[in-house]
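The structure appears below as structure tokens.
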Amino acid sequence: QVQLVESGGGVVQAGGSLRLSCAASGNVFSINPMGWYRQAPGEQRELVATITSSGSPTYTNSVKGRFTISRENGKNTVYLQMNSLKPEDTGVYYCWFRQNYDYWGQGTQVTVSS
């Protein structure tokens with residue numbers, strides 16, 4: 001009933017920036033928590049950042065001070081501004097959306113070269 005479309009991934013040099021976007025569509029009937037997870041090759045998915053319906057953000061320790069999550073409720077869209085990127089940030093980034101249960105985007109690849 002809900003679809004998530006991600007964009008903004010790519011290849012960037014260490015120290016550079018990327019901005020990810022995720023738009024929810026379909027049967028969206030309220031303002032919902034949203035966020036981002038990532039998965040590196042051979043690793044488990046880990047939480048990167050979340051944002052509540054009221055705009056309160058939470059970050060994993062490794063990205064604090066470098067990443068910023070934000071949302072536009074009128075468009076049901078969440079963003080992740082990633083600055084000072086490191087090779088350790090490389091992975092597939094998945095958009096997360098909660099409405100009664102969890103929805104996931106298809107993922108967008110982020111590659112940070114040394």
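The values are calculated or read from the model by the stated rules, or taken from the named source; none is laboratory data. Note that the structure is a prediction, hence the values are computed from the model and not measured. Virtual Cβ from ideal backbone geometry, glycine too; neighbours counted across all protein chains shown. To get the accessible areas, we keep the full protein, side chains included, count just its heavy atoms, and leave off ligands, DNA and RNA. Shrake-Rupley method; radii C 1.70, N 1.55, O 1.52, S 1.80 Å.
Descriptive notes on the structure:
- Filter result for SER113 (at negative phi and touching a strand residue (DSSP E or B) at 6+ places or on another chain (Cβ under 9 Å)): yes
- Only residues that are more than 14 Å from the chain's Cα centre (by Cα) and either among the polar types (S, T, N, Q) or assigned to a strand (DSSP E or B) (or both) were counted in the range 26-65, giving 10.
- Here the condition is being among the acidic types (Asp, Glu), open to solvent by 30 Å² or more (accessible area, probe 1.4 Å) and in contact with a Leu (Cβ under 8 Å, 6 or more places away or on another chain); of GLU72, GLU88, GLU6, GLU46, it holds for GLU6 alone.
- In the range 75-85, of all residues being over 19 Å from ASN32 (Cβ atoms) and assigned to a strand (DSSP E or B), the one that is least open to solvent (accessible area, probe 1.4 Å) corresponds to MET82.
- Residues within the range 101-114 that are without any contact (Cβ under 8 Å) to a residue 24 or more places away in the chain and either in contact with a Phe, Trp or Tyr (Cβ under 8 Å, 6 or more places away or on another chain) or not in a strand (DSSP E or B) (or both), tallied: 1
- Restricting the range 11-25 to residues that are in contact with a Leu (Cβ under 6 Å, 6 or more places away or on another chain) and not in a loop (DSSP other than H, G, I, E, B), the residue that is farthest from GLY65 (Cα to Cα): ALA24
- One residue alone among ARG98, ARG19 is within 14 Å of VAL2 (Cβ to Cβ), touching a residue at least 12 places away in the same chain (Cβ under 8 Å), open to solvent by 50 Å² or more (accessible area, probe 1.4 Å) and not aliphatic (A, V, I, L, M), and that residue is ARG98.
- Residues that are at negative phi, in a strand (DSSP E or B) and touching a residue at least 24 places away in the same chain (Cβ under 8 Å) do occur in the range 66-74, at least one of them.
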